[in-house]
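J.: Structure incoming, see below.
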There are 2 protein chains.
Amino acid sequence: MALPDPEIALKLARGVSRFLENLGYGTVTEFSLATGRRADVFGVNERGETVIVEVKSSPVDFLTDGKWPEYREFCDYFYFAVAVDFPREILPEECGLIVADAYGAEILRASDLVSLNASRRKALLLRFALTASQRLRRLLDPDL
Amino acid sequence: MALPDPEIALKLARGVSRFLENLGYGTVTEFSLATGRRADVFGVNERGETVIVEVKSSPVDFLTDGKWPEYREFCDYFYFAVAVDFPREILPEECGLIVADAYGAEILRASDLVSLNASRRKALLLRFALTASQRLRRLLDPDL
């Protein structure tokens, strides 16, 4: 069984990010939540709706990850994203499902909506805004 | 009288951005407001407080700009930022004042607090989050 492959995971995360942007989301990868957990891709759209996409590069990557239910409390929509040859039947049916490659993605099964409460939404939007702007500044002003 | 100098303005904006980041703000330059106006530097801190800093590279740059009062409605704190040799007496006393160079800045006169209402604050934070994340993605994924 193939080990988790960071290279594949990065490519899938890029395809997922492009896909979400086409839907009007701003995205950040490796987004740290208040719990210290990192969401692979976190997106926010103009209505303030949030989505977390966890990228699984291999079955092992999913089977050794007991922490995905914790993400569910930090987004309105939750998806797993996998490559087309991933054995999708091992993924939980109650989660949204995205098939991705390095260049894009599509939704195979829509996520349920579990609406954030207002204070958590506000906190997540602020954290997202600070993370994105600080990373942007590191790239624009690398001497910093 | 010197004409507005975009090179100087960029340097001052960089110094202002570094200064605001040291205070815990995430920043975006050339931030488009809903009105279409662009704020030179827009900052948000972890409490969701917002600041706009308008950079003035020369007296002409200030004297030909009739639009600065419009920015006041889109931030909690408003500052002009100028170089150390700028004739500061021509700037309105009711605004905050920052002296900057390419590497940093300091506050000479604190801005009044004019608190945003909740719905405008929310809209600004969302716009900021989308602007920052989309610019970040353009840099990370230039083929997009």
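J.: Scan segment B:1-12 for residues that are under 14 Å from the mean Cα position of the chain (by Cα) and surrounded by fewer than 23 Cβ atoms within 10 Å (Cβ to Cβ) and jot them down.
T.: Hits for segment B:1-12 are B:A9, B:L10, B:K11.
J.: Ok, one more. Of the residues A:V41, A:V55, which single one is in contact with a helix residue (DSSP H, G or I) (Cβ under 6 Å, 6 or more places away or on another chain), crowded, with 20+ Cβ neighbours inside 10 Å, touching a residue at least 12 places away in the same chain (Cβ under 8 Å) and within 14 Å of chain B (Cβ to nearest Cβ)?
T.: A:V41
J.: Would you mention how many residues in segment A:58-73 are closer than 18 Å to A:V28 by Cβ and not in a helix (DSSP H, G or I)?
T.: 0
J.: Could you run through segment B:53-103 and say how many residues are over 20 Å from B:L10 (Cβ atoms), over 16 Å from the mean Cα position of the chain (by Cα) and hydrophobic (A, V, I, L, M, F, W, C)?
T.: So the answer is 2.
J.: If I ask for residues that are touching a Ser or Thr at 6+ places or on another chain (Cβ under 8 Å) and part of a helix (DSSP H, G or I), which ones from segment B:17-57 would you list?
T.: B:S17, B:L20, B:E21
J.: Hey, can you tell me all the residues within segment B:31-56 that are polar (S, T, N, Q) and at pLDDT 95 or above?
T.: B:S32, B:N45, B:T50
J.: Quick one: which residue in B:D65, B:D101, B:D141 is over 29 Å from A:R135 (Cβ atoms) and out of contact with any His (no Cβ under 9 Å at 6 or more places or on another chain)?
T.: Going through B:D65, B:D101, B:D141 in turn, just one is over 29 Å from A:R135 (Cβ atoms) and out of contact with any His (no Cβ under 9 Å at 6 or more places or on another chain): B:D65.
J.: Sticking with this structure for a sec: Collect the residues in segment B:14-24 that are more than 9 Å from chain A (Cβ to nearest Cβ) and open to solvent by 30 Å² or more (accessible area, probe 1.4 Å), keeping them in residue-number order.
T.: Of everything in segment B:14-24, those that are more than 9 Å from chain A (Cβ to nearest Cβ) and open to solvent by 30 Å² or more (accessible area, probe 1.4 Å) turn out to be B:F19, B:N22, B:L23.
J.: Further, regarding this structure: Restricting segment A:25-38 to residues that are open to solvent by 10 Å² or more (accessible area, probe 1.4 Å), free of Cβ contacts under 8 Å to residues at least 40 places away in the same chain and in contact with a Lys or Arg (Cβ under 9 Å, 6 or more places away or on another chain), which is farthest from the other protein chains (Cβ to nearest Cβ)?
T.: A:R37
J.: Restricting attention to segment B:58-73, report how many residues are touching a strand residue (DSSP E or B) at 6+ places or on another chain (Cβ under 8 Å) and open to solvent by 30 Å² or more (accessible area, probe 1.4 Å).
T.: So the count comes out to 2.
The values are calculated or read from the model by the stated rules, or taken from the named source; none is laboratory data. Not measured: the values here are computed from a predicted model. Every residue, glycine among them, receives a Cβ derived from its backbone with ideal geometry; neighbour counts consider all protein chains shown. With ligands, DNA and RNA removed, areas are computed over all heavy atoms of the protein, side chains included. Shrake-Rupley method; radii C 1.70, N 1.55, O 1.52, S 1.80 Å.
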